[in-house]
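The values are calculated or read from the model by the stated rules, or taken from the named source; none is laboratory data. Bear in mind the structure is a predicted one, so any value in this text is a computation, not a measurement. Positions of Cβ are backbone-derived with ideal geometry, glycine not excepted, and every protein chain shown enters the neighbour counts.
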């Protein structure tokens with residue numbers, strides 16, 4: 001008898017057969033109730049905010065507004081809340097010409113054409129207001145606000161800083177460096193200058209043991225982000241939470257820091273899953289589309305299950321990589337890591353105050369590589385790209401699981417179908 005488990009892969013799932021000899025532990029988020037009426041929940045959030053006046057009141061007398069949205073790598077339900085926000089702003093007297101939506105790309109590529117239409121999700125929005133991308137390398141597009149207490153330059157997109165009303169929007173999910181995504185993170189790195197991003201993505205931050213998923217306490221990246229948004233001033237946020245079906249299950253609105261913490265509190269216990277043992281074989285994903293469009297984003301899925309991975313074990317990750325590898329800078333970092341080896345590569349990073357663009361993702365990949373054999377299943381990379389992943393590429397997840405079980409002599413297999421959206425933690429106290 002063979003059981004099967006569906007793992008998130010591309011726009012669908014990868015079916016993983018499990019022979020009867022395997023003892024699977026399926027690790028998923030705790031199921032939370034779906035919202036009965038999503039639009040009503042959004043209107044209630046905008047009308048009853050956290051540590052702020054209702055949006056309709058906030059918008060009165062404003063001369064301009066800038067709304068930040070995440071780029072295509074995040075499945076934020078923009079189609080549900082952008083129009084209600086814009087309609088409230090216009091009803092309060094803001095002319096549509098004075099409202100701009102900026103895609104918080106960080107150092108990712110811009111989202112344009114059909115992809116931008118997919119990202120926004122509502123033709124009315126595209127027809128009504130300007131929707132523009134952030135470009136971190138354009139010096140003139142940013143305002144210099146000084147430096148943080150740690151010396152990070154604070155340079156932020158001028159459209160956001162100079163707007164009379166500033167709103168960010170995002171998805172609250174675990175983030176493998178900053179603790180949680182959304183809120184302050186949509187500002188920095190979302191619309192920050194490349195020098196800002198490259199400073200707090202340098203090795204002195206990245207190698208800090210507190211710069212990990214689901215931790216905001218003394219997390220240096222989180223603390224830099226807090227200092228940056230406080231320097232900018234008045235900011236409000238729409239925070240969303242999705243379930244495994246990508247349905248909206250929670251939304252709030254309010255002051256950027258307070259509302260973000262409220263959303264984190266809501267989602268924390270359903271996302272951080274206690275597991276009573278570690279495993280020599282762990283199977284995970286890159287959470288499917290849109291996160292698994294590139295190998296660059298796939299690294300997140302390698303890092304998040306590390307706490308339940310037995311040292312010396314095997315981590316198997318499935319990621320479609322439908323768009324390929326990632327940026328040219330990431331490609332060069334991976335080439336260098338493969339050529340000189342992980343230890344020498346890390347040594348080259350430690351003395352830098354500015355990280356090279358996207359090399360921090362290679363640095364994060366070193367963490368699971370230090371403790372395990374990482375194997376990748378993908379249908380989206382060329383032979384050369386497979387070589388510079390620096391990990392073992394396999395032709396079948398099913399065969400990789402069987403081989404790992406035989407190699408380690410342990411039938412227990414942990415399977416995380418939704419990848420980095422679920423954080424398993426080792427806890428044997430129960």
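Given the structure, is residue 32 assigned to a strand (DSSP E or B), under 29 Å from residue 286 (Cα atoms) and either free of Cβ contacts under 8 Å to residues at least 24 places away in the same chain or in contact with a helix residue (DSSP H, G or I) (Cβ under 6 Å, 6 or more places away or on another chain) (or both)? No; evaluated as a whole, the condition is false for this residue.
Okay, residues lined up against (1) farther than 13 Å from residue 420 by Cβ; (2) in a loop (DSSP other than H, G, I, E, B); (3) in contact with a strand residue (DSSP E or B) (Cβ under 9 Å, 6 or more places away or on another chain):
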{"position": "281", "(1), (2), (3)": "yes, no, yes"}
{"position": "284", "(1), (2), (3)": "no, no, yes"}
{"position": "292", "(1), (2), (3)": "no, no, yes"}
{"position": "310", "(1), (2), (3)": "yes, no, yes"}
{"position": "320", "(1), (2), (3)": "yes, yes, yes"}
{"position": "326", "(1), (2), (3)": "yes, yes, yes"}
{"position": "332", "(1), (2), (3)": "yes, no, no"}
{"position": "356", "(1), (2), (3)": "yes, yes, no"}
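Suppose we filter 93, 113, 146 for residues that are out of contact with any helix residue (DSSP H, G or I) (no Cβ under 6 Å at 6 or more places or on another chain), closer than 23 Å to residue 47 by Cβ and surrounded by fewer than 17 Cβ atoms within 10 Å (Cβ to Cβ); which single one remains? Exactly one of 93, 113, 146 is out of contact with any helix residue (DSSP H, G or I) (no Cβ under 6 Å at 6 or more places or on another chain), closer than 23 Å to residue 47 by Cβ and surrounded by fewer than 17 Cβ atoms within 10 Å (Cβ to Cβ), namely 93.
Taking the numbered list (1) surrounded by 15 or more Cβ atoms within 10 Å (Cβ to Cβ); (2) modelled with pLDDT under 95 in turn, residue 21 passes all entries but (1).
Identify all residues within region 294-308 that are part of a helix (DSSP H, G or I) and under 22 Å from residue 359 (Cα atoms); write none if there are none.
Our first condition is that a residue be part of a helix (DSSP H, G or I); within region 294-308, this holds for 295-303, 306-308.
Across region 294-308, the qualifying residues are 295, 296, 297, 298, 299, 300, 301, 302, 303, 306.
Quick grid of which residues meet (1) assigned by TED's automatic domain parsing to the domain that holds residue 415; (2) touching a helix residue (DSSP H, G or I) at 6+ places or on another chain (Cβ under 7 Å); (3) more than 19 Å from residue 128 (Cβ to Cβ); (4) in contact (Cβ under 8 Å) with a residue 60 or more places away in the chain:
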site	(1), (2), (3), (4)
43	no, yes, no, no
83	no, yes, no, no
89	no, no, no, yes
102	no, yes, no, yes
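Hey, does region 122-136 have a residue that's crowded, with 21+ Cβ neighbours inside 10 Å, assigned by TED's automatic domain parsing to the domain that holds residue 251, within 23 Å of the chain's Cα centre (by Cα) and closer than 27 Å to residue 356 by Cα? So far as region 122-136 goes, yes, one or more of its residues are crowded, with 21+ Cβ neighbours inside 10 Å, assigned by TED's automatic domain parsing to the domain that holds residue 251, within 23 Å of the chain's Cα centre (by Cα) and closer than 27 Å to residue 356 by Cα. Regarding region 25-42, can at least one residue be identified that is buried (at least 17 other Cβ atoms within 10 Å of the Cβ), farther than 21 Å from residue 76 by Cβ and in contact with a strand residue (DSSP E or B) (Cβ under 6 Å, 6 or more places away or on another chain)? Among the residues of region 25-42, at least one is buried (at least 17 other Cβ atoms within 10 Å of the Cβ), farther than 21 Å from residue 76 by Cβ and in contact with a strand residue (DSSP E or B) (Cβ under 6 Å, 6 or more places away or on another chain), which makes the answer yes.
Residue 15: more than 19 Å from the chain's Cα centre (by Cα), assigned by TED's automatic domain parsing to the domain that holds residue 318, within 29 Å of residue 287 (Cβ to Cβ) and loosely packed, with under 13 Cβ neighbours inside 10 Å, yes or no? Working first, answer last.
On the way: more than 19 Å from the chain's Cα centre (by Cα): yes; assigned by TED's automatic domain parsing to the domain that holds residue 318: yes; within 29 Å of residue 287 (Cβ to Cβ): yes; loosely packed, with under 13 Cβ neighbours inside 10 Å: yes.
The answer is yes for residue 15.
Checked against (1) crowded, with 18+ Cβ neighbours inside 10 Å; (2) assigned to a helix (DSSP H, G or I), residue 118 meets all criteria but (1). Restricting attention to region 60-79 and to residues that are over 20 Å from the mean Cα position of the chain (by Cα) and outside any loop (DSSP other than H, G, I, E, B), the residue that is surrounded by the fewest Cβ atoms within 10 Å (Cβ to Cβ) turns out to be 65.
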